[in-house]
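The structure appears right after this line, and notes come after that.
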Amino acid sequence: MEPASGFSTYCRSCGEYFKIEKAAPAGRLSGLMSRARGKQQPVPAPQGVASGKGPAMPLQISGFSEQDAPMVGRAALLSNAPPQAGATKETRRVVVCFECNASHKVAGASTSTICPSCSTYLDLRDIEIKDRTNQRIKTRGNVVVQKKGALLGTSVHCGDLTVHGSVAGSIYAAGEVHLKTDGKIIGEIRCQRFILDRKCEVHCLQPVHAEVVEIHGHVTGHFHATRCIILSRHASLTGSAKAHSISMEPGARLNGQVQVRPPGRPEDPEFSAALVPG
């Protein structure tokens with residue numbers, strides 16, 4: 001047998017020369033001759049495939065298995081991979097150290113961290129109090145005291161504090177203190193915002209220091225606000241109130257000493273103390 005591209009040959013028995021009547025296809029023969037001369041001829045695209053620059057990987061591969069079952073495979077471009085579902089930018093939060101008051105950023109899902117300035121361990125977990133306890137709580141997370149929960153004779157250091165039960169000790173909150181119950185608080189309170197709900201009656205034996213004090217119920221104590229004190233129409237405050245401004249709706253009551261200082265006027269150390277000590 002001779003190659004399909006051949007057009008002449010010699011007889012292996014007698015050596016006679018003769019031509020082959022059926023030559024190879026012209027396209028294939030010309031391609032072989034061009035490659036033999038060192039010229040590269042473009043290969044035509046197969047039918048059914050669009051010309052032009054294609055993807056780096058085939059979009060679909062089809063065929064049949066040994067059991068004649070149809071097989072279809074798809075491949076995505078590596079350079080244009082679709083984004084994964086739920087992939088979002090990680091949120092970060094600012095944490096202030098209990099000891100040196102230095103602040104640094106951590107991942108939003110972190111449960112603890114180490115202060116880069118003084119190496120103090122900082123708990124970042126949220127805590128829910130459901131029973132009576134005298135354990136000291138110190139976290140930069142939020143604390144919720146449920147109706148049957150009680151913090152007895154201890155201090156609380158936290159982010160936000162929401163009280164449905166009772167708290168007897170001192171409260172140091174970097175954010176908001178929200179009281180939704182009646183009771184007596186023996187220790188001092190320092191926070192950014194102090195809120196007392198309507199129909200709640202609270203007696204604060206030590207001063208309350210905050211940026212904003214918002215009263216909707218009945219409270220007794222001494223309140224120092226670096227910004228304002230707000231009394232709604234159902235509120236009553238008995239004691240003393242010091243702030244840059246005091247807002248009272250019609251029907252509100254304030255019994256005691258009132259001191260209003262404009263923002264530009266210098267303040268005494270008692271009036272402008274640090275809100276949240278370490």
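For I129, the solvent-accessible surface computed with a 1.4 Å probe is close to 20 Å², ligands and nucleic acids excluded. Given a Förster distance of 35 Å, report the FRET efficiency between I186 and S247 from their Cβ-Cβ distance, rounded to the nearest 0.05. Step by step, r from the Cβ atoms, then E = 0.75.
The values are calculated or read from the model by the stated rules, or taken from the named source; none is laboratory data. Keep in mind that this is a model prediction, so the values were computed, not measured. For neighbour counting, all protein chains shown are included, and Cβ atoms are generated from backbone atoms with ideal geometry for every residue, glycine included. The area values use the complete protein model at the heavy-atom level, side chains included, leaving out ligands, DNA and RNA. Shrake-Rupley method; radii C 1.70, N 1.55, O 1.52, S 1.80 Å.
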